[in-house]
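Each remark here refers to the structure printed beneath this line.
The values are calculated or read from the model by the stated rules, or taken from the named source; none is laboratory data. Quick caveat: nothing in here was measured; it's all calculated off a predicted structure. Backbone-built Cβ (ideal geometry, glycine too); neighbour counts: all protein chains shown. Each accessible area value is taken on the protein alone, full model and side chains, heavy atoms only, with ligands, DNA and RNA left out. Shrake-Rupley method; radii C 1.70, N 1.55, O 1.52, S 1.80 Å.
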Amino acid sequence: MLKKTLAGIAAGALLLGMAACGGSDDDGGGGGSDDGLIVGFAQVGAESAWRVANSESVKASAEADERIGELKFVDAQQEQEKQIEAIRNFITQKVDVIVLAPVVETGWTDVLTEAENAGIPVILADRGIEEADEDLYVTRIGSDFIEEGRKAGTWTTEEFADNDTTRILQLEGTVGSAPANDRKTGFFEVLDSEGFSYELVDSQSGDFTAEGGKAVMETFISTHGLEDIDLLYAHNDEMGLGAIQAIEEAGYTPGVDIEIIIVDGSKAGFEAGAEGKVNYIVECNPVFGDQLMDLVVQVANGDEVEKFTAVEESAYGEGEFEAELPNRKF
Ligand code: GYE
């Protein structure tokens with residue numbers, strides 16, 4: 001779907017206007033200067049290797065890009081209020097473009113309407129927001145999280161095809177976040193549509209952190225034991241790696257006593273795979289800084305852009321982890 005927003009057009013018009021009059025920092029939102037675009041980025045936090053790599057990619061691409069004058073970077077420590085505050089500050093500072101990686105999907109209507117009223121276009125990086133608010137941003141770049149969940153689901157139906165009933169534990173990402181919602185949806189959509197026989201024994205959030213994953217896994221083990229569990233589906237590497245610690249501390253062998261799927265594909269995740277502790281890795285690619293900067297410039301110019309740009313990603317099974325390790329970027 002193509003879309004040209006009023007905000008984008010306004011920003012482009014202002015840029016042209018400024019070029020004609022020599023530039024000034026005093027225009028309304030969507031201004032800009034001869035020194036390049038001012039971009040405000042409200043990042044989720046630093047909860048995972050994925051996130052750290054994503055922040056580095058965006059910062060490095062902004063730094064190297066002559067079209068970008070300044071990147072104002074805010075780490076919101078996984079708190080929506082901090083992101084809302086950051087966006088309000090960006091509006092006050094009259095940045096040219098706001099980039100938001102929304103912690104959760106809901107609760108954005110007011111602040112994004114404020115950005116729209118200020119004439120500042122918003123780009124979503126990584127996570128998405130609820131459909132009702134889709135007119136409040138110009139475009140999103142990131143992963144197709146439902147597809148990631150489907151990959152995990154497809155592997156599960158093949159891996160456990162001979163089981164009577166496959167007993168599953170799930171470690172969910174941050175409650176209300178797009179990747180947690182969608183990775184769950186895609187996974188169970190495949191299991192259900194394949195008529196696969198399973199029991200979801202327990203499912204809780206580990207907030208995408210290693211500590212969270214470990215703590216929840218300890219509870220899972222003390223509540224259910226692991227003897228009758230076939231699979232752990234962890235929505236990211238950190239939670240899976242934390243869970244592996246808990247599994248080992250309880251005297252079980254991860255990857256053997258319980259098979260494990262993780263999502264992201266960090267070096268640490270692939271190392272665990274090469275050691276036989278992880279059985280399937282769904283890749284999620286955080287390195288899209290260059291593509292994001294192209295979008296920032298296009299959006300500031302009021303160019304037409306796609307509503308969604310998917311980053312490329314793959315999935316890896318046993319026998320592939322070691323060979324892939326040197327290619328991992330984070
Ligand atoms: O999978 C996880 C991070 O939103 C895709 O957030 C991102 C997820 C990623 O904390 O590790």
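A few remarks follow.
- Within the accessible area of the range 248-330, the carbon and sulfur atoms contribute 42%, probe 1.4 Å, all protein chains present.
- Per residue accessible area in Å² of the range 40-178, where ligands, DNA and RNA are left out and the probe is 1.4 Å: 39
- The range 186-330: antiparallel DSSP beta bridges as a percent of all, rounded to 5: 25
- Angle in degrees between helix 80-92 and the longest Cα principal axis of the chain, rounded to the nearest 10: 10
- Surface accessible to a 1.4 Å probe, E322 within the full protein complex, Å²: 130
- For the chain: lysine pairs under 17 Å (alpha-carbon distance), excluding those fewer than 8 apart on one chain: 10
- The heavy atoms of S193 present about 90 square angstrom of accessible area, all protein chains included, probe 1.4 Å.
- Residues whose amide H falls under 5 Å from that of I260, counting only those 5 or more places apart or on a different chain, are L232, G255, N279, Y280, with hydrogens built in the peptide plane.
- The range 46-75 and the range 102-172: distance between their alpha carbon centers, rounded to Å: 21
- Tensor-based shape of the chain (alpha-carbon gyration tensor, a/c under 1.5 rounded, otherwise prolate or oblate): prolate
- What a 1.4 Å probe finds exposed on the range 135-243 is 42% carbon and sulfur by accessible area, rounded to a whole percent.
- The range 46-97 shape via C-alpha gyration tensor axes, a/c threshold 1.5: oblate
- Neighbour net charge for A234 - beta-carbon separation under 10 angstrom, K R +1, D E -1: -3
- Highest-MSF residue in the chain out of G225, G173, G302 [GNM, Cα springs under 10 Å]: G225
- Gyration tensor (alpha-carbon) shape descriptor, the range 145-284, a/c threshold 1.5: rounded
- The chain: angle of helix 178-193 to the longest principal axis, Cα-based, in degrees nearest 10: 50
- Compared with the dominant Cα axis of the chain, that is its longest principal axis, helix 210-224 is turned about 30°.
- Where E159, E211 fall by accessible area, highest first, once all protein chains stay in place (1.4 Å): E211, E159
- The chain: calculated mean residue ellipticity at 222 nm from DSSP helix runs of at least 4, using -39500 (n - 2.57): -13000 deg cm²/dmol
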